[in-house]
């Protein structure tokens with residue numbers, strides 16, 4: 001590297017400056033967690049309070065987190081396996097997603113419209129998302145029971 005010199009004159013005084021060569025070191029990227037470790041650490045959001053927020057978490061993700069549908073698509077149930085609290089949380093929240101899909105199909109509308117209908121019903125009823133999940137599960141089990149009774 002060729003050093004450049006610069007002369008400064010101050011009241012008859014001469015000084016020569018030689019710049020220090022700049023050395024660069026390659027930045028070593030911090031290794032990302034292996035995808036398997038990432039998925040083992042993923043936890044559904046516990047602060048979701050409305051059907052719309054749950055739908056957003058399920059379909060597109062919240063604040064940079066993966067969508068639950070994407071986790072299911074890529075990993076199946078492995079991303080929540082072995083963690084009982086996550087299994088229960090997922091299972092209850094799935095009731096809302098199933099109801100949105102059921103409403104969309106029965107009313108021949110989009111899932112987004114069905115989500116808005118269910119969100120409005122939640123707001124009008126004053127139920128928490130947890131209460132709504134449990135009511136939907138109870139209703140689904142009752143419907144399944146009636147269908148089985150008819151089949152006999």
The alpha-carbon center of region 66-82 and that of region 91-114 are separated, in whole Å, by 20 Å
Ranked from highest to lowest mean number of other Cβ atoms within 10 Å per residue, what is the order of the peptides 125-138, 46-59?
46-59, 125-138
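State whether region 51-97 is rounded, prolate or oblate according to the following rule on the C-alpha gyration tensor (a ≥ b ≥ c being the square roots of its eigenvalues): a/c under 1.5 gives rounded; otherwise a/b larger than b/c gives prolate, and the remaining case gives oblate.
The shape class here is oblate.
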Rounded, prolate or oblate for region 33-143? Axes are the square roots of the Cα gyration tensor eigenvalues, ordered a ≥ b ≥ c, and the cut-off for rounded is a/c under 1.5.
prolate
How much length is gained on full extension from residue 98 to residue 138, taking 0.36 nm per residue of separation minus their Cα-Cα distance?
13.1 nm
Evaluate the relative contact order of region 33-143 (contact order divided by residue number), counting alpha-carbon pairs under 8 angstrom at least 6 apart; express in whole percent.
29 percent
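Just so you know, all these numbers are worked out from the coordinates, no wet-lab data involved. All figures in this text were calculated on a predicted structure; none of them were measured in a lab. In this analysis, Cβ positions are derived from the backbone assuming ideal geometry, glycine residues included, and neighbour counts consider all displayed protein chains.
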